[in-house]
Structure formats: structure tokens, C-alpha cells
Amino acid sequence: MGSTDLAQDDPDAARCSDAEADYLRQAVAEVFPDPTLAIRPEQVVQRFCGVRPLPRAEGTDIGQVTRDHSIARLQAGTDGPPVLCLIGGKWTTFRAFSEQAADEVLQLLGCPRRTTTAEMPIGGSRGFPPDAPGRARLATELATASGLSPERVATLLGRYGTALREWISELAGGETPLPGCPDYSLQEIGHICRRERVETVEDVLRRRTLIALTGRDTPEVIAAVTSLLEKRGT
């Protein structure tokens, strides 16, 4: 639904409070005043909190502080090398910000840029068909190789893109639905636990899947994922 504009002295202690949740529901009501569209507290299935780094702006309304990222160049002592401080930034702009930082470093080193990442596909987007017919053909190809249905493969492609090619063979023996969350499978979550640098159950539920975000992190699901995480080394 959005975010609030509250300063946080300790990001590690930040939580989405009831007051913040109420604020966001009221903000939606201002945009959609029809009472039939009102969001009641019991309809909220998940809420989470993250803290965005912003440049310091003493005495300024935090809502007016720029959300753009920037690079500040500082000097380490009289003879030390310059230090680049990356200020702001967020997930959706990390590649652009990284390239800008690299440009600054290349300028300091006197080296020309030889390539750009602006249009470079990464992760599961590499080789991903841009049109529906191409995606259907890919789903059929992987379904034939794995024994899964084209519909199931299409769902997995939507989650993992072409990275699915690397591990779909692990599903060739079939899938067992994750208890309490049948659109995920035990084999799928097991792969995530083994290959995606998972440390905790919350990594799986909140950061590698949409399970928590869709309000399905029930005790049954948590128990099943915990068991898989404990078995990943066996």
C-alpha cells in the first residue's frame, strides 16, 4: 500500500506499528473515499517494515527530503585517496546507481568504460522469451524434459525465469505440495534452502518467496519449511 515518512534512529529496531498501519489505511481511504472500499484491520494479511537511507537534512520535513541517490566525494586526509560515499539508493535503482559509482571510480583511475550494463539481462531474465508464444514454447520444452505440466512450468518460469533450466531436473520425480501452501512444493522450497544462501526460515518466507507477503506463513507452513531447512545438508 505504500510507506510512511517517519524518521528512525535505530533501523534495526524499526517495526510497522498499529499506528502506521492505520495511517496507511486512512491514506487509501482518502484516495478511494467510497466506504465500500474501506480496508478493515482484519483484512490486512501482511505488513512489513524497511528503512530507506536518506541524506541528512536537519530541520527539513522528512517528506520533503529527496529520494534520489547521490555520490559524495570526500578526501581521506591531505595525501589519502578520495572516498566515494554512496547516499540513498534502493532496490529498483541498484544497477543504475552501481554503474554511476563505477563511472566515478573509472574517472579517478583514468580508465575508460569498455562496456555498459544498462541493457544487460541478469538472473532469470537471460534468454527469457519476450513474447507469449515464446514463453509457451519454453514452458512446453521444460515440461517435456521434467514431466511436469506446462501450466506448472509456466508458474515456475514466472517465479524464476530461465534460471529454472538449471534445476528443473530435480523435479523430474514429481512434486509434493508444501503443506498449507500447495502452489509451492517441498522440492521447490528444498532447492531454495540449498542453493539460495538461506540462513533462516524468514529468509524463505519473506525474502525468497511471496509466502509471507500473501499472508500464508501459517504455523503449518513454518513447520514444513523449518524441517526442510534442517534437512538441507543431508
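Numbers for the structure displayed
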read-out: Unpaired by the 4.7 Å Cβ criterion, cysteines found in the chain; value: C85, C111, C181, C193
read-out: Unit charges on C-beta of K, R, D, E only; dipole of segment 54-120, Debye; value: 160 debye
read-out: Cβ-placed point charges (K, R +1; D, E -1), dipole of segment 1-96 about Cα centre in debye, nearest 20; value: 440 debye
read-out: DSSP-loop trypsin sites (Lys or Arg not before Pro) across segment 36-80, with at most 12 other Cβ within 10 angstrom; value: R56, R67
read-out: Listed peptides 168-180, 1-13 by packing density, highest first (mean Cβ within 10 Å); value: 168-180, 1-13
read-out: Most mobile listed residue (A143, A57, A154) in the chain, GNM with C-alpha springs under 10 Å; value: A57
read-out: Positive dipole terminus of the chain, leading residue within G124, Q100, L228 (C-beta point charges); value: G124
read-out: GNM result for the chain, Cα springs below 10 Å: residue of G59, G134, G147 fluctuating most strongly; value: G59
read-out: Listed residues A13, V51, P35: farthest to the positive end of the dipole of segment 1-51 (Cβ charges); value: P35
read-out: 222 nm mean residue ellipticity, helices alone, for the chain (DSSP H n ≥ 4; -39,500 (n - 2.57); rounded to 500); value: -10500 deg cm²/dmol
read-out: Descending Cα extents along the principal axes, segment 121-169, whole Å; value: 28, 23, 14
read-out: Neighbour cut-off at most 10 other Cβ (10 Å), DSSP loop, trypsin sites (Lys or Arg not before Pro), segment 183-233; value: R197
read-out: Distance between modelled label sites at T226 and R73, nm, 7 Å Cα→Cβ extension; value: 5.4 nm
read-out: Rounded to the nearest 20 debye, dipole of segment 88-234 from Cβ charges on Lys, Arg, Asp, Glu; value: 240 debye
read-out: Segment 12-100: GluC sites (Glu not before Pro) falling in loop per DSSP and having at most 16 other Cβ within 10 Å; value: E58
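Computed from the coordinates by the stated procedures, all read-outs in this text should not be read as laboratory data. Predicted model only: the values in this text are computed from it and were never measured. FYI the Cβ positions are ideal-geometry reconstructions off the backbone, even for glycines, and counts take in every protein chain you see.
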